[in-house]
Amino acid sequence: MKRATKIIIVTAIAASTLGGIAYAKSGCGMHGPQQVVRGLDLNEQQQANFQAVIEQFRSNRKEMRAQHQQRRDEMLSLLNSDKLDQTRALGMVENKTDAVKARAPEMITTIAKFTDSLTPEQRQQLRERIGERMEFMHKRMRHFGAGQGYED
């Protein structure tokens, strides 16, 4: 696998994991991002970089949630019609995808600033914790039925 592909994959995994962590920190009852960085012995600059990641995810999430009711109402109106307006439904999906794409470069830059500030040992610990978290979530999703028929 090419190095650029590996970097993109790792960045995507880190972004999605840190996004989930930031979401958890914002009040959904989970332990939050501090669990993942606990024991990494972050210095002040690393803490500031990590806090920037959290704030970026919160900001993005807040913007997306602000449009939630409107998207929900539009989806319900599509489903209430006699025939599904496929063009309009696809447009809704594309609008949301475009919004995520527009935020992605800034989010990736913020994550990179944090991860690049870590020592090799801290980065290794972070990878291990994220890997453990991903494994836990994978098992949990399978336990609750998401991914029925999915085989490892």
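Each reported figure results from applying straightforward, stated rules to the coordinates on display, with no laboratory input. As the structure is a computational prediction, the values presented were derived from the model and not from experiment. Cβ: placed from backbone, ideal geometry, glycine included. Neighbour counts: every protein chain shown.
Odds and ends about this structure:
- Along region 100-117 the Karplus relation, 6.51 cos²θ - 1.76 cosθ + 1.60 evaluated at θ = phi - 60°, assigns HN-Hα couplings of 5, 4, 5, 7, 4, x, 5, 5, 5, 4, 5, 5, 4, 4, 5, 5, 5, 7 Hz to successive residues, with x for each Gly and Pro.
- Residues of type aspartates and glutamates that LYS101 reaches as a straight line, Cα spacing below 16 Å, ignoring anything fewer than 8 places off in the same chain: GLU63
- Couplings 3J(HN,Hα) of region 127-138, computed from phi: 4, 4, 5, 5, x, 4, 5, 5, 5, 4, 5, 4 Hz, in residue order, whole Hz [Karplus 6.51 cos²θ - 1.76 cosθ + 1.60, θ = phi - 60°; x for Gly and Pro].
- Per-peptide average of other Cβ atoms within 10 Å, ordering 77-87, 129-139 highest first: 129-139, 77-87
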